[in-house]
Amino acid sequence: MSNAPVPFNESRRLALLRELCILDTPPDQAFDLITKLASKTFNVPIALVTLIDKERQWFKSRVGLELTETPRDHAFCAYAILQPEVMVVLDAQQDERFKNNPLVTGSPHIRFYAGAQLTSREGLNLGTLCLIDKVPHHDFGPREHETLLTLAAMVTLRLESLRAMDYMDQTMGLPNRARLLDDLDQHSQAGICAAGQLAAVAVDLCGAEYFNDTVKALGYRYADDYLLASRDRLISLLPPDTTLYRISATRLGFVLGGTDETLADLLGRIGKACAVPLWVGDIPHNARATMGALRLPDTFDAADVLRALISASDAARKNGNHWSFYDSRHHDSQRRAYQVLSALSTALHQEHIDELSLHYQPKVDLRTGECTGVEALLRWTSPTLGAVSPAEFIPLAEKTALIDRITGWVMDEAMRQASVWQQRGWRLPVAFNVSAVDLDRPTFTDELCTCLLRHGVDPHLIELEFTESALSHSPDRLREHLLSLQALGMTVSIDDFGTGYSNMTYLKTLAANTLKVDQSFVRDMLTNATDQAIVPALVNLAHRTRHKVVAEGIETLAAYDALAAWGCDQGQGYWIAKPMTASALEQWLGSNPIRKMAASSVSNMA
Ligand code: C2E
Ligand code: MG
Ligand code: MG
């Protein structure tokens, strides 16, 4: 405990200091300008903004002094905060209170001191703006008093305006994201990251999903207690006086010095310690904390740093690691995602959408070689990005409202083409792909019906393919949609079967007609013993549950023959035909004698 005198309202004073979240924060330009001005105006070598903490005085701004803090016992300012307005010590060697003070007898050899209080709007004295000289002064007159008080009032104003910016997260009792962004800006402007001395770290305490599940199961109060316990555990693992910020619901952040090795060591230790179950009440929590780290460059944009930290910590979670350094490839992929989505948005909002087209890939009956239908696959050629694969842009679009427009366009174009073929008398079923999120829209079935009517297509010629991920959304609504689609006569296929949820209950409850065995099984089927066992088993399972089976990704005759021998109904793949334009498909159908149209169509074509 400090021997320095303590004001009567000490506990309120300390509470306010904590609430302001100002201790151990980076330099602030406004304070630094004031101390510079004070040193020049009074012609003294040292000017400081000091804050009196429980056991120490900490310098928020300093001119002419290397020290960042001293024990409270040695602080002249600990006395100054108890005096009305300004405390002046003309010669410390002549002052009983200070003549034996280590700051007087040793460096920086204080002789003259004048300190003006920094008083909060509640009347709590937090510290001082003080002047120090290494030689005694003879006088500190009323004009000097007034000037020092004016400068101190400017410091107080800055403190109050920082407070008014609402920099505090009440739940966690930590400075918030806005404060972190400002502090990072201050680091950047002060150039203290120049030699890459500082690193920033984001810690995701448990992942948003875990937190939401905890809220749903046990309520907000318990979930907040859990976060507070996680916060405390983290604080106990960090170097003392590290400022922790709250970035988002489950993410905290901090900035610290040291080499990459010391940082790696610290993050490794935190990761390990956080892997030990955390007890909150009677419940142990096993959630994994993950961290992302970034060495701060010379100058930077604070928002970019934050984004980089989040993506590094998410990458660590995805890869099953405790932490990862930010990798610029994350940034490249995010930039690419942004470019793709903005170019796609432009393409989709044109009056006439001409960057998109559909290619059609035939499916054939594996016993007879007859074409049983086609799958419409979306193609996009952007004027700025060139051809972009649907495997890249569809998953991105699914995270935005653009997927509605895409599906709307694909549905319309596929049905327009189906109706052209229907008018020629061809009964060529056209399948198109639907995203899981499309099936979440209550209006989806209505949109389909309207489109069918607009093009006058026989619903029996339309097939919908959706992946198993749709099953994870809202199974009840999905089932409803599928039943109404089938009632209209459309066919429903589960695409990429075997790669997603593959919950067997779905086979029982879901009204799908066809399973499309994913191409990853088919690709290695003849060389990989497991796939060789899985594919016939899937065919068998599908048949016994009264589904048709289509194998995707047939690239060789050997695969074609094996699948035919296992009784797989239909096949699709490069060996049969690659996806092609509608007119190329018409030629293919006309010129390929083995893979001819189904009998009824052939007669219609004649
Ligand atoms: P998918 O629906 O499973 O489509 C099959 C994909 O495999 C297509 O890729 C097709 O070109 C490719 N493929 C076909 N045969 C072979 C083969 O023998 N070997 C290999 N290696 N690949 C083969 P594509 O066109 O790049 O589409 C990729 C995925 O993008 C599709 O997988 C589908 O999930 C999605 N997609 C495509 N068009 C649409 C669309 O209009 N809407 C939605 N929501 N998704 C679409
Ligand atoms: Mg498909
Ligand atoms: Mg597929």
Of the chymotrypsin sites (Phe, Trp or Tyr not before Pro) in the stretch 46-108, which ones lie in a loop per DSSP and count no more than 10 other C-beta atoms within 10 Å? none
Roughly how far apart, in whole Å, are the Cα centres of the stretch 359-387 and the stretch 28-101? 77
Computed for the stretch 294-377: size of charge dipole around the Cα centre, +1 on C-beta of each Lys and Arg, -1 on C-beta of each Asp and Glu, debye to nearest 20, value 460
Dipole moment magnitude, nearest 20 debye, the stretch 448-592 about Cα centre, only Lys, Arg, Asp, Glu C-beta charged: 360
Using the Cα gyration tensor of the stretch 449-528, with a ≥ b ≥ c the square roots of its eigenvalues, what is the shape: rounded (a/c below 1.5), prolate (a/b larger than b/c) or oblate (neither)? oblate
If you fit an axis through the alpha-carbon atoms of helix 475-488 and take the longest principal axis of the Cα set of the chain, what angle between them do you get, 0 to 90°, nearest 10? 30
Could you sort 319-325, 460-466 so that the peptide with the highest average Cβ count within 10 Å comes first and the rest follow in order? 460-466, 319-325
If contacts are Cα pairs under 8 angstrom and at least 6 residues apart, what is the relative contact order of the stretch 345-499 in percent? 18
Cβ-based charge dipole, the chain, positive-most Cα from Gln83, His349, Gly141: His349
Amide hydrogen neighbours beyond the local backbone of Asp569, cut-off 5 Å, H modeled: Val549
Could you tell me which of rounded, prolate or oblate describes the chain, using a ≥ b ≥ c as the square roots of the eigenvalues of the alpha-carbon gyration tensor, with rounded for a/c under 1.5 and, failing that, prolate when a/b is larger than b/c and oblate otherwise? prolate
Scattering from the C-alpha atoms of the stretch 290-387 alone, worked out with Debye: what is log10 I(q)/I(0) at q = 0.21 1/Å? -0.98
Taking only Cα atoms, what is the 0 to 90° angle, nearest 10, from helix 142-164's long axis to the longest principal axis of the chain? 20
Alpha carbon centre of the stretch 523-553 versus the stretch 403-444: separation in Å? 27
Amide H partners (placed H, <5 Å) of Ile46, local residues excluded: Ile132
Distance in nm between His109 and Leu33 label points, each 7 Å along Cα→Cβ, equals 3.4
Check: C-alpha center the stretch 258-302 vs C-alpha center the stretch 446-470, spacing in Å is 49
Using the Cα centre of the stretch 498-547 as origin and beta-carbon charges of +1 (Lys, Arg) and -1 (Asp, Glu), tell me which of Asn540, Thr509, Phe521 is placed farthest towards the positive end of the dipole. Thr509
On each of the three principal axes the extent of the alpha-carbon atoms of the stretch 342-440, given in whole Å and largest first, is 45, 29, 25
Along the dipole axis of the chain (charges at Cβ: +1 for Lys and Arg, -1 for Asp and Glu; origin at the Cα centre), the most positive-end residue among Ser328, Gly408, Ile52 is Gly408
Mind putting a number on the dipole of the chain about its Cα centre? Charges go on the C-beta only, +1 for Lys and Arg and -1 for Asp and Glu, and I need it in Debye to the nearest 20. 480
Neighbour-count order for Cys451, Cys206, Cys130, fewest beta carbons within 10 angstrom listed first: Cys451, Cys206, Cys130
Arg454 versus Ala264: modelled label distance in nm, points set 7 Å from Cα along the beta carbon direction: 5.8
Report the label-to-label distance for Ala229 and Thr509 in nanometres (one decimal), using points 7 Å from each Cα along the Cα→Cβ vector. 3.3
Report the extension gain between Ser333 and Trp575 in nm, rounded to one decimal, defined as 0.36 nm multiplied by the number of residues separating them, less their alpha carbon distance. 83.8 nm
I need the phi-derived Karplus couplings for the stretch 342-354: 6.51 cos²θ - 1.76 cosθ + 1.60, θ = phi - 60°, integer Hz, Gly and Pro marked x. 6, 5, 5, 4, 4, 4, 7, 9, 6, 5, 10, 7, 10
Given H placed on each backbone N at 1.01 Å, which residues far from Gly127 in sequence or on other chains put an amide H within less than 5 Å of it? Ile52, Leu118
How big is the Cα convex hull of the stretch 1-121 in projection, averaged over all directions, in nm²? 7.6
Starting from the Cα-Cα distance between Asp561 and Ala15, subtract it from 0.36 nm times their residue separation and give me the gain in nm to one decimal. 188.7 nm
Does anyone have the angle between helix 29-42 and the longest principal axis of the chain? Alpha-carbon axes, 0 to 90°, nearest 10? 20
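Values in this text are rule-based calculations from the coordinates and carry no lab data. The shown structure was predicted, so the numbers you read here are calculated from the model rather than taken from an experiment. Heads up, the Cβs are rebuilt from the backbone with ideal geometry, glycines too, and the neighbour counts pull from every protein chain shown.
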